[in-house]
1. Is it true that some residue in the range A:90-97 is part of a strand (DSSP E or B) and within 13 Å of the chain's Cα centre (by Cα)?
2. Among (1) buried (at least 18 other Cβ atoms within 10 Å of the Cβ); (2) in contact (Cβ under 8 Å) with a residue 40 or more places away in the chain; (3) in a helix (DSSP H, G or I), which single condition is residue A:215 missing?
3. Residues being surrounded by fewer than 23 Cβ atoms within 10 Å (Cβ to Cβ), more than 16 Å from ligand 2 (Cβ to nearest atom) and assigned to a loop (DSSP other than H, G, I, E, B): count how many of those fall in the range A:225-256.
4. Could you check how many residues of the range A:257-270 are within 16 Å of ligand 1 (Cβ to nearest atom) and surrounded by fewer than 18 Cβ atoms within 10 Å (Cβ to Cβ)?
5. Go over the candidates A:71, A:63 one by one and state the one that is surrounded by fewer than 18 Cβ atoms within 10 Å (Cβ to Cβ), modelled with pLDDT of 95 or more and within 11 Å of ligand 1 (Cβ to nearest atom).
6. So residue A:139 ticks every box in (1) surrounded by fewer than 18 Cβ atoms within 10 Å (Cβ to Cβ); (2) closer than 28 Å to residue A:253 by Cβ; (3) within 13 Å of chain B (Cβ to nearest Cβ); (4) in contact (Cβ under 8 Å) with a residue 60 or more places away in the chain but one. Which box is left unticked?
7. Can you tell me how many residues within the range A:107-132 are within 16 Å of ligand 2 (Cβ to nearest atom) and in a strand (DSSP E or B)?
8. Can you name the residue in the range A:151-197 that is outside any helix (DSSP H, G or I) and surrounded by 21 or more Cβ atoms within 10 Å (Cβ to Cβ) and is also nearest to the other protein chains (Cβ to nearest Cβ) among such residues?
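The values are calculated or read from the model by the stated rules, or taken from the named source; none is laboratory data. None of these values were measured; they are calculated from a predicted model. Counting neighbours? That spans all protein chains shown, and the Cβs are built from the backbone with ideal geometry, glycine included.
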Ligand SMILES: Nc1ncnc2c1ncn2[C@@H]1O[C@H](COP(=O)(O)OP(=O)(O)OP(=O)(O)O)[C@@H](O)[C@H]1O
Ligand SMILES: [Mg+2]
């Protein structure tokens, strides 16, 4: 394999075009100076001229064989992801988000259907073709997956080393990438000594090392605190804008989608519940799954609860019903637990939530758990008139 | 102060050198053969990236049968092989053959466990960046498992020091042999005590050096 084969044909002119300002531009200039040549000649190169970084799923299905039998993780997924966009994948735990994302670089092989990256059928690639494809697709992970035995520099350099890039060029590029992610001074440090946010920055630098056209992010900010999340998101947005890299990201944080995604797909039990521009999907959710998810995410559920919450009442097991009570502050209505208990006629447990007092009005949401066997009155009747116990009550799911 | 040894000092140095040679050479062989065996066991395991249950079982059972045989039995059973390789069935070199053959599977199993514990997420990250299989072994499996491998190698060396005491049975000499010949058969307590002291110091230093290196690897 030739030294420069991993270089994306057509990227250099693109990079030059994008090179206007900021750190990313500095990186671009540095990369521009390196002796990169276009060497790929096959159909991929032709497809690249049209659009770099498109992904297309066609009737994709994935069935896992496990000891417990077959698990259908994805069914009939057809989807187009445009070059240069930021595309969000959301859905409940186990909906198939990771499975879908991982078919793009063939970490997971589909059981049926096809995945096309820039017009090339991913399943048809041989080992060399697959390696070349993976060099055009960067990936970052929830738990960073940095090599603990290698320094920050060596981690970022590894994709280039295995691509047989000359050392001088590796040095130049890694240095620039570490500058880009703001870790130039940490090059000789081992990942064990970095904070979560810094680790993910190294992850981003590593993912960008081979000049990918697509960046896959599987819950890349889930393990980070809000501040680190913000800085990683800003970095991703920069990368997307300035390097025109397609970003496909999975997240449990609605705010992340809100903030940076152009389009979003909602998966539910392995199928597409809905897909579209973020403002449309969020503004007017069409599917129950989306509504439940929005509600869930709005409540910013604690991780443990989110993991155990199910959409349908479990059969033959004791369970609790989770209700979301909203208070807008209107009419001086505040949570009164004695009245709530009387109205629902069962024991009520507060599990999450809080109120803000704004100019004397209680405003906020509470999550309450009630015994699943209890016969509840019609919830709509409890939000109006004299007997109102909240401004809105929604059933958001069940826990065993 | 003068102190009269019951046997010439040179006997001790000679025994020490013999033990050192036996343990050093069989340890080195166990290391360089054991690691590839461990890698092979690891990548051929079901779910590994060269999954091959038959090869895995075949290598696994060879490893197990050597591990099941007590060293002293192995040493006798291997005499024909030893003679074939070294041309003799007595002496230091004749002991090195059974010592290496017993230490290699022992070490390979320990190294295999360390390799198995490498986070699959790291392997996945390497695949995603375009590493080929051999590159994953070289850049992910081996360096990430190194602390465990070194820890296991330390245990192997200590076990070798103890097995090498039995090598006297094939006339290989060494510290253990000295203790048995003088200390046990001729009731020379002095030799016994000195040999035990030397062995304690030797084992302790090997263990301490191994632990130190592992700690250094883990804390960087
Ligand atoms: N290797 C596997 N073997 C068997 N079943 C699997 C495997 N990987 C995933 N699954 C199953 O496939 C379904 C989808 O899993 P997937 O990891 O894609 O979900 P997810 O949406 O990413 O969930 P999460 O938000 O928890 O990460 C789940 O039911 C899961 O149990
Ligand atoms: Mg997942």
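1. Filtering the range A:90-97 down to residues part of a strand (DSSP E or B) leaves A:90-91.
From what's left, within 13 Å of the chain's Cα centre (by Cα): A:90-91.
Yes, because at least one residue in the range A:90-97 is part of a strand (DSSP E or B) and within 13 Å of the chain's Cα centre (by Cα).
2. Result: residue A:215 passes all but (3).
3. Qualifying residue count, the range A:225-256: 2.
4. In the first step, residues of the range A:257-270 are kept if they are within 16 Å of ligand 1 (Cβ to nearest atom); the result is A:257, A:264-270.
Still in the running and surrounded by fewer than 18 Cβ atoms within 10 Å (Cβ to Cβ): A:269.
Residues that pass the stated criteria total 1.
5. Details: A:71 fails: modelled with pLDDT of 95 or more.
Going through A:71, A:63 in turn, the sole match is A:63.
6. The number of the failed condition is (1).
7. Going residue by residue through the range A:107-132, those that are within 16 Å of ligand 2 (Cβ to nearest atom) are A:107-108.
Next cut, in a strand (DSSP E or B) only: none.
Number of matching residues: 0.
8. Restricting attention to the range A:151-197, the residues satisfying the condition of being outside any helix (DSSP H, G or I) are A:151, A:163-166, A:181-183, A:187-190, A:194-195.
If we keep only those that are surrounded by 21 or more Cβ atoms within 10 Å (Cβ to Cβ) as well, we get A:163, A:165, A:181, A:183.
On the way: A:163: 7, A:165: 12, A:181: 16, A:183: 17 Å.
Ranking the qualifying residues of the range A:151-197, first place goes to A:163.
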